[in-house]
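The values are calculated or read from the model by the stated rules, or taken from the named source; none is laboratory data. None of these values were measured; they are calculated from a predicted model. Cβ: placed from backbone, ideal geometry, glycine included. Neighbour counts: every protein chain shown. For accessibility, only protein heavy atoms count, side chains too; no ligands or nucleic acids. Shrake-Rupley method; radii C 1.70, N 1.55, O 1.52, S 1.80 Å.
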Number of protein chains: 4
Amino acid sequence: MRFFSDNAAAAHPRVIEAIAAANRLDTAYDGDAWSARLDGVFSDLFETQVRALWVTTGTAANCLALAALCPSYGAVLCHKDAHIENDEAGAPGFFTGGAKLMLLDGPGAKVAPEAVAQACDRVRKDVHQVQPAALSITNATEYGLAYRASEIAALGAVAKQRGLGFHMDGARLANALVTTGESLADTTWRAGLDALSFGFVKNGGLSAEALILFRTDLAEQIAIRRKRSGHLLSKGRFLAAQILAMLEDDLWLANARAANAAAQTLARAAPARLVYPVEANEIFLKVSADEAARLRGAGFDFYDWAPGEIRLVTSWDQNGEAVERLAAAIAAL
Amino acid sequence: MRFFSDNAAAAHPRVIEAIAAANRLDTAYDGDAWSARLDGVFSDLFETQVRALWVTTGTAANCLALAALCPSYGAVLCHKDAHIENDEAGAPGFFTGGAKLMLLDGPGAKVAPEAVAQACDRVRKDVHQVQPAALSITNATEYGLAYRASEIAALGAVAKQRGLGFHMDGARLANALVTTGESLADTTWRAGLDALSFGFVKNGGLSAEALILFRTDLAEQIAIRRKRSGHLLSKGRFLAAQILAMLEDDLWLANARAANAAAQTLARAAPARLVYPVEANEIFLKVSADEAARLRGAGFDFYDWAPGEIRLVTSWDQNGEAVERLAAAIAAL
Amino acid sequence: MRFFSDNAAAAHPRVIEAIAAANRLDTAYDGDAWSARLDGVFSDLFETQVRALWVTTGTAANCLALAALCPSYGAVLCHKDAHIENDEAGAPGFFTGGAKLMLLDGPGAKVAPEAVAQACDRVRKDVHQVQPAALSITNATEYGLAYRASEIAALGAVAKQRGLGFHMDGARLANALVTTGESLADTTWRAGLDALSFGFVKNGGLSAEALILFRTDLAEQIAIRRKRSGHLLSKGRFLAAQILAMLEDDLWLANARAANAAAQTLARAAPARLVYPVEANEIFLKVSADEAARLRGAGFDFYDWAPGEIRLVTSWDQNGEAVERLAAAIAAL
Amino acid sequence: MRFFSDNAAAAHPRVIEAIAAANRLDTAYDGDAWSARLDGVFSDLFETQVRALWVTTGTAANCLALAALCPSYGAVLCHKDAHIENDEAGAPGFFTGGAKLMLLDGPGAKVAPEAVAQACDRVRKDVHQVQPAALSITNATEYGLAYRASEIAALGAVAKQRGLGFHMDGARLANALVTTGESLADTTWRAGLDALSFGFVKNGGLSAEALILFRTDLAEQIAIRRKRSGHLLSKGRFLAAQILAMLEDDLWLANARAANAAAQTLARAAPARLVYPVEANEIFLKVSADEAARLRGAGFDFYDWAPGEIRLVTSWDQNGEAVERLAAAIAAL
């Protein structure tokens, strides 16, 4: 029974069906009928004019956005536990041409406006030090916390004041929104975001993420950078179709609700062990090595996050019985 | 009736079926059962030990290989009409960190050993001029010509003599092999190739290409570069499954045969108009603007390659009747 | 007797004196009194407000300018014989982060407006092809031809029309101006230039070139890029002092006049052998291998430019007697 | 009276004389008689075969070395207060093509072997995390501490064990050696160093630093990278001559002794205020804002390092009377 990560789960059947349904001749790259719909569909969803480009990975979405928001000689502010810092093999450095990640601290991998302001203040305004050019946050965070729209707006305000581009890695944005109940618009562009990596793969998609640009003027160079980095698939309709399937009838929200519900079941099993409140589909538990071994012995697979700490991740398709059994096993430790 | 490019055709139904069949939980990235089979399957196919990595585009395959074969301060020799020079948005420069493409001439986008030797000779051996580090050829060429194994071996010999890495962009390798009837082994590593971009997408695949490394020592850094460039999909099994489906029962060869046969039908319709012999699935015809307009008026879509010259491309699934009608229309011009 | 290149000549004694005179404590980097004068002195010289930054090499000046004028995903148009293409070890690719040099043809390494327009027209306006972003010319050209101000203005017009930044590599600008008799202003910004690499080292300087920015808004990022590329010397006053010495009493023009005069003496010795008119301090002569050997046997050193062609370069300090002897030797061939 | 930095001091008269003496025609770039002597002179000095390349800045020396020691997809371990992290405008990212600096902690900007080992241990050995490839230390450190040869050897051992290239930023190496009394050989290659940025500019030089390669196989690519980054001056003899002058009669050691002696005079004035022991020519003092203002009022200029902390730097040519007056002023606070 696998609670290792949501990025290995199956794709939702409707995504597979959408791929099959898209299997006919159309114009190559993003000249097809499916891709043509993305701008409109996402503009409706976000209640504002956006540009939407498909890519195959969150890393590509994140780093294409950062390359447009930060010059090669600038810095991106992010949390020290951010995915772009720890889990993308230095992709931000590659895509930007050598920009620096300037690391912020804060509990639960959450970035606070004060941390941003202080980091900017620490930099001398001269040519010897790399100047901050962009801010990137992850929502839900790497510890499964959801930003409230007001928190993001406060970050957006400091970003604007400091002249920083503002990007959100939303690999698990759906899970965060299900928790906050706030709108996509409030959580993104109304809070000052310039670009959003809107994740679908961890949430029932197969191989398509959406890069949403609230600063639509960035679309032209990002489309070039997408091609230049080998991310412009010739049969792009198969990516667009996946995304459209995820949006139809709010499948993306339904999937996130299912994953979050499973997470809550686990969280309730051992509230005292929780390292952080569970606000998405990740649960971090204080569990000794011995206890971890016992859970593994019982057939559960998960990630050893840190000494005395494990990470469980639930998926949109998490087997209900497995969740109940794991909850019971945790409670029984 | 579309003869614009093979990169927009439908995927073969067995590829779609393979995707559906792979839709269950497995380890993320390339830790799954499908990906695990690639090295073995391709090693059998090539009759030697290879490493095989999936990627989603030919551009990614080409440029990951070139980044491993050419330092940032080196040059890649290629034909002036090569895809990497003309149609990849400068991706080689991006992936290598600024390496130079050093352009060769030659009819039909074919590279001759003498051209390679002369290009090397023209470079002063000092720090002021960029030194050649790799050679990249396209097979079938951008004009649809197929290299014979002996031709590649002659290039491999000069590459070895000059200390050049040797890469093949095989976006239409299947089409070339169907024409030459030569073996994969003879056409690649026995001829001195270090790396091959083995194309499937133009030949009935959906979104998976294979990067084949005959120099298996390159695999480690290329795996890192794949991640770093955002090309390590989390649900990689869906790519591996496509490739396995294409290889099963030699589907890749059957598809190429179908496309090539359609091309021959068109070639026979107007032998005097052929710019080059038709050795793959691309037909370049001398056609006046007026004649091109007439063909378009009759419902045929194609690419205006150059003044007085059009390009037709046939696909694995080309409708036979459409091909016959186009052949007749060309003959009737 | 050396006619190999002007880049190895001695520095003018007044340059050495200026270095000695600058040898006292001042603020580091470019915060000193000498550096502070550059903007003003050059603004006077160019009859318009400019920003002027010292660097130590023409390669640095050229490539810092190009990095500011061309994005990593763009192309710089230049002549196929340009220094940036042939003699800078791929530095433009390094400084720009992988931009492409798009090569133009034309006699004498001169770029014609039509060549620029045609090169732009050849590029499809899509994401697959690298789009031209800048134009760079060399004046005097690599074959020692001087652009007239009107020729540059015609290039400036096409650059503006096509949205290209416009840069001049002026390693031998002084030599060109001495020939044309036209003003610095007419030859540069009035003709549409955005940035100029103003060479001093080949003309009697020691280690200081000036990067002149007519688009003063570029200065901030170029100052950062200068530091980032290791080109911000801590004792910058020694560079600024050299440049100021070269400008004082028009030493730069006097030096160029001396070098050009020596070149004319050589040109007059064998007008029928000239490959190009001599408009600066470089002489290209048709000379057989046998004749070249005889000249070398007589103690003259020079560059074998191409089969049957040699290059002679005169310097500001060329020994008059050596020039006369070489002229006689050439005439006697 | 300036105690701001040693990088703005005058050059030693013998350095100026050497420049004047080198002012005659010779082969360009590094083909001259002065440059030709560097390998031999430094090999003698280091008691082993080395390659020595001149460059104009410490940033260039550091980053050329790091580019050779660390691939674009690797990480350089260094102290969080290292010059390459804080004061080089992200040059390591530029020269390496996007490599990451992985920051270590430790008092006085000193790196301990345990910190290196722990940093390596924290990195998962997979393609998602950037793998350490090199270690860079500064000697004397940014807080003026001198590494003992044994300390460096311990770092060299862990570097070797972990497969890390090992580089020293020796901008103030002379000052450190004067304090430790240990040999150049023991402090560098015998301790496992692969490359050394040997600083002269802060120590009485004008514009020449030496990049010393103990791994002589790196010289070829670094020579190319030097050209490619615009750091190959055409009149290189003027740099080589400066370095030779600094080495002659151990001028570099004499200068460092003078600077260190001045620092000791200041250190003795207020031992209780010292943030760190004074082992080179930098003094960090606990001084309130009010006290700092009083020192400035008395005509002393220095750097506000941190709240309640100032930095004084002495130079080879520090005026003895000014030092005595500052010492008295500090003692009297």
Other-copy label distances relative to B:Ala272, 7 angstrom Cα-Cβ extension, nm: 5.2, 9.5, 10.8
Could you go through the stretch B:235-252 in sequence order and give the Karplus-derived ³J(HN,Hα) for each residue, using 6.51 cos²θ - 1.76 cosθ + 1.60 with θ = phi - 60°, rounded to whole Hz, and x for Gly and Pro? 9, x, 4, 6, 7, 4, 4, 4, 5, 4, 5, 5, 7, 4, 6, 6, 4, 4
Given Cα pairs under 8 Å that are at least 6 residues apart, what percent is the relative contact order of the stretch C:86-228? 18
Between A:Asp121 and D:Arg122, what's the calculated FRET efficiency when r is the beta-carbon distance and R0 is 30 Å? Round to 0.05. 0.60
Spelling it out for D:Leu135: with amide H atoms placed in the peptide plane at 1.01 Å from N, the residues 5 or more places away or on another chain with amide H under 5 Å from its amide H are D:Leu77, D:Gly165, D:Phe166, D:His167
Across peptide D:230-242, how many C-beta atoms of other chains are within 10 Å of each residue C-beta, on average? 6
Just need the relative contact order of chain D here, percent rounded to a whole number, with Cα pairs under 8 Å and 6+ apart. 24
Rounded to the nearest Å, what's the spacing between the alpha carbon centres of the stretch A:303-333 and the stretch D:153-190? Just the number, please. 49
Pull up the DSSP beta bridges for chain C and report the antiparallel fraction as a percent, rounded to 5. 45
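Can you put A:Val76, C:Val127 in order of accessible area, largest first, using a 1.4 Å probe? Before the final figure, lay out each step's value.
On the way: A:Val76 0, C:Val127 40 Å².
I get C:Val127, A:Val76, largest accessible area first.
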Once R0 is set to 51 Å, what does the formula 1/(1 + (r/R0)^6) return for the Cβ-Cβ distance between C:Ala331 and B:Ser150, expressed as a FRET efficiency to the nearest 0.05? 0.40
Mind giving me the nanometre distance, one decimal, between the label points for D:Glu220 and D:Arg268, set 7 Å out from Cα along Cα→Cβ? 5.5
Candidate cut points under trypsin sites (Lys or Arg not before Pro) in the stretch C:11-94, DSSP loop plus at most 16 other Cβ atoms within 10 Å of their own Cβ, are C:Arg24, C:Lys80
Within the stretch C:1-95, DSSP-loop chymotrypsin sites (Phe, Trp or Tyr not before Pro) with at most 13 other C-beta atoms within 10 Å are none
List, in order, the whole-Hz ³J(HN,Hα) value for each residue of the stretch A:67-72 obtained from phi through the Karplus relation with A = 6.51, B = -1.76, C = 1.60 and θ = phi - 60°; use x for Gly and Pro. 5, 7, 9, 9, x, 4
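Rank these by accessible area, largest first, 1.4 Å probe: D:Met168, D:Met102. Provide the component values of the computation, followed by the final result.
Numbers: D:Met168 0, D:Met102 30 Å².
If we order D:Met168, D:Met102 from most to least accessible, we get D:Met102, D:Met168.
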For the stretch A:1-66 and the stretch D:1-23, what is the separation of their Cα centres, given in Å? 62
What distance in nm separates the two pseudo spin-label positions at B:Ala157 and A:Arg294, each 7 Å out from Cα along the beta-carbon direction? 7.2
Listed by chain and number, the lysines with an alpha carbon less than 27 angstrom from that of D:Lys110, same-chain partners under 8 positions apart left out, are A:Lys80, A:Lys100, A:Lys125, C:Lys227, D:Lys80, D:Lys100, D:Lys125, D:Lys160, D:Lys202, D:Lys286
Per residue of C:60-70, what is the mean number of Cβ atoms on other protein chains within 10 angstrom of that residue's Cβ? 1
Once you put a point 7 Å from the Cα of D:Ala21 and another 7 Å from the Cα of C:Glu17, both along the Cβ direction, what distance in nm separates them? 2.3
Please work out how much accessible surface B:Asp6 shows to a 1.4 Å probe, ignoring ligands, DNA and RNA, in Å² rounded to 10. 0
Ordered by residue, what ³J(HN,Hα) values in Hz, to whole numbers, does the stretch D:166-171 give under the Karplus form 6.51 cos²θ - 1.76 cosθ + 1.60, where θ = phi - 60° and Gly and Pro are x? 10, 10, 10, 7, x, 4
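Compute the FRET efficiency between D:Asp105 and A:Tyr303 as 1/(1 + (r/R0)^6), taking r as their Cβ-Cβ distance and R0 = 22 Å, and round to the nearest 0.05. Can you show the working numbers first?
Working: r = 27 Å, r/R0 = 1.21.
It comes to 0.25.
So what is the relative contact order for the stretch A:62-124, in percent, with contacts set as C-alpha pairs under 8 Å and at least six apart?
Details: 82 pairs, mean separation 21.8, N = 63.
Once normalised by length, the contact order is 35 percent.
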For C:Gly74, the residues 5 or more places away or on another chain with a placed amide H closer than 5 Å to its own amide H are C:Lys100
Shielding of D:255-267 by partners, i.e. mean partner chain Cβ atoms within 10 Å per residue? 0
For chain A, the charge dipole (Cβ of Lys, Arg +1; Cβ of Asp, Glu -1; about the Cα centre) points to a positive end, and the Cα of A:Ala60, A:Ala241, A:Ser35 closest to that extreme belongs to A:Ala60
With the label set 7 Å along Cα→Cβ, B:Ala20 is separated from its counterparts in the other copies, in nm and shortest first, by 0.3, 9.0, 9.0
Across the identical copies, how the A:Ala322 labels are spaced - nm, sorted shortest first, 7 Å along Cα→Cβ: 4.3, 7.3, 8.2
Nearest residue to the symmetry axis between A and C, taken on chain A by its Cβ, in whole Å: A:Gly97, 2
